[in-house]
Amino acid sequence: MGLKLTEQKTELAERMRNDQKNKSKESLGGKNMNSKPDPYKTRAIRKCWKNFPTLNKWAEGYYYKRWFGKGEITHKMLVSSEKSCDYWPIDPDTLCLCTGETDKEGNTVWENDVLEVTIHEEHAYAIVRFGRYASSLGSDTTEHIGFFADWSFSDHPDLRKDLGYWLNNGAIVITTKFDMLLGEKQENNSERK
């Protein structure tokens, strides 16, 4: 069983390296303009990001959860580059799915990203979510499952929820809900001092 798992990890790492090589060949101006993001990828905040100031706090890759005896569980992200393949411990509460889509600037759109759209020269903001939703344009009995734009916290809660509509009409990713929360925590901590 251990050998089969090792072979699967090796195969996954090799596929990730090949994907990375293909993306770097296709990229234009630092952004991959020829293909869609990998919808099987996830991202989460690394547990150790504060200890390594030069390290990106977000780990993007493939989520890995392992159970040990006595109920111990580890949450890690398999992150691959052309030169290495590493497991990083992550905060599972910040785990985000990749939508497989990009915004108008070519940025990958992830679950829990905050989108900005302009409607009649006014800015509106939504959080990308995954789950069941009813379109505000459809009947109350029709329900969809997938990624959607959640406007419930904004000044425009009745806007349509289908994510594809907004991405095709100029939505951009401006931050994540977690970065917003971290920013608020940092501001609150600095105000207390």
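The values are calculated or read from the model by the stated rules, or taken from the named source; none is laboratory data. Bear in mind the structure is a predicted one, so any value in this text is a computation, not a measurement. Counting neighbours? That spans all protein chains shown, and the Cβs are built from the backbone with ideal geometry, glycine included. Side chains are part of the model used for accessible areas, which takes the heavy atoms of the whole protein and leaves out ligands, DNA and RNA. Shrake-Rupley method; radii C 1.70, N 1.55, O 1.52, S 1.80 Å.
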Q: On the full set of protein chains, 1.4 Å probe, figure out the accessible area of Asp158 and give it in Å² to the nearest 10.
A: 130
Q | Length released on extending from Leu182 to Phe153, taking residue separation times 0.36 nm less the Cα-Cα span | A | 8.6 nm
**Q.** Neighbour net charge for Phe130 - beta-carbon separation under 11 angstrom, K R +1, D E -1
**A.** 0
Q: Compute the signed sum of charges (Lys and Arg +1, Asp and Glu -1) over the other residues within less than 12 Å, Cβ to Cβ, of Val114.
A: -4
